[in-house]
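The values are calculated or read from the model by the stated rules, or taken from the named source; none is laboratory data. Keep in mind that what you see is a predicted model, and the values were worked out from it rather than measured. Backbone-built Cβ (ideal geometry, glycine too); neighbour counts: all protein chains shown. With ligands, DNA and RNA removed, areas are computed over all heavy atoms of the protein, side chains included. Shrake-Rupley method; radii C 1.70, N 1.55, O 1.52, S 1.80 Å.
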Amino acid sequence: MKSMHAVLRAAVPAAALALLLTGCGPENGNDPVDPGAAGAAPTATAGGDAPAGTPTAGGTGGASDRPSAAASASGGAGGYASPLGPTATGTYTGRNKAELAPVTVVKGNLADLAPLKLAPGDTNGRTPFYITVSYTNRSGATLADDYFMQRVTVKTAENSDAIFQAGTTKSIAACAAGEKPAPLPDGQTRKSCGIYLVPNNAAPKFLVYGAIMDTKPLVWKLG
């Protein structure tokens with residue numbers, strides 16, 4: 001079943017970032033990692049150093065899914081210089097452990113988003129990309145609806161601002177971004193789609209999984 005929780009902005013302003021930091025807190029200890037080449041499937045690990053409680057059955061996975069202890073990266077992971085390939089599976093070793101892999105990255109157009117009635121300020125000068133990610137829960141507990149896609153962001157360059165999912169409670173034919181996902185039991189896999197509004201003069205280059213202050217997130221190189 002496709003799912004996704006919308007939490008996105010094209011670039012995080014200072015005030016909004018402060019709110020996000022309050023909810024997420026410090027995370028890992030390394031830069032994100034990207035996947036190698038298309039079709040490659042190396043496995044990477046990433047972890048963190050700021051425990052924030054153990055996930056409970058049905059928990060939201062928000063602050064409680066902060067990484068717990070620093071973990072070394074392997075299999076091509078560890079930084080933007082050694083990214084995972086665009087379809088590679090990465091292993092996240094934070095508090096809520098998981099296996100993730102990009103499934104598809106599809107360029108759309110603003111006309112697709114008309115049913116969502118997004119604010120002009122969010123869409124002007126931007127192109128939507130529909131990104132689907134596969135997530136396998138390895139946390140040992142059932143995770144609720146916001147455990148996953150809220151931590152998937154896009155970057156157009158290593159040092160660019162993170163682009164979050166477009167905020168919406170509705171879905172479109174190209175991306176079921178408005179679906180409210182059911183809780184995901186441990187060991188089960190779900191594919192979810194997110195809408196990312198990328199500046200017209202840029203393209204998604206990195207896909208990142210991790211919290212705002214995560215220093216060892218997973219990073220995939222999309223292009």
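Between Thr104 and Asn159, 0.36 nm times their residue separation minus their Cα-Cα distance comes to what?
Values: separation 55, 0.36 × 55 = 19.80 nm, distance 2.35 nm.
My answer for the length gained is 17.4 nm.
Provide the per-residue ³J(HN,Hα) series for the range 103-116, in order, calculated from phi with Karplus coefficients 6.51, -1.76, 1.60 and θ = phi - 60°, each as a whole number of Hz, with x at glycine and proline positions.
Coupling constants for the range 103-116: 9, 8, 10, 10, 7, x, 9, 4, 4, 4, 8, 3, x, 7 Hz.
I need to check one value: relative contact order of the range 91-192, counting alpha carbon pairs closer than 8 Å and at least 6 residues apart, in percent.
Numbers: 156 pairs, mean separation 32.3, N = 102.
Relative contact order comes out at 32 percent.
Using a 1.4 Å probe on the protein heavy atoms only, what accessible surface does Val106 show? Give it in Å² to the nearest 10.
Counting only protein heavy atoms, Val106 exposes about 70 Å² to solvent.
Using a Förster distance of 22 angstrom, determine the FRET efficiency expected from the C-beta separation of Ala203 and Ser134, and round it to 0.05.
Working: r = 22 Å, r/R0 = 1.00.
Plugging the Cβ-Cβ distance into 1/(1 + (r/R0)^6) gives 0.50.
Taking a probe of 1.4 angstrom, what is the accessible area of Arg151 in Å², to the nearest 10?
10
Heavy-atom accessible area of Leu110 with all protein chains present, probe 1.4 Å, nearest 10 Å²?
Leu110 has an accessible surface of roughly 70 Å² with all protein chains in place.
Can you compute the modelled spin-label distance between Asp186 and Thr169, with each label point 7 Å from Cα toward Cβ, in nm?
My value for the distance between the label points is 3.3 nm.
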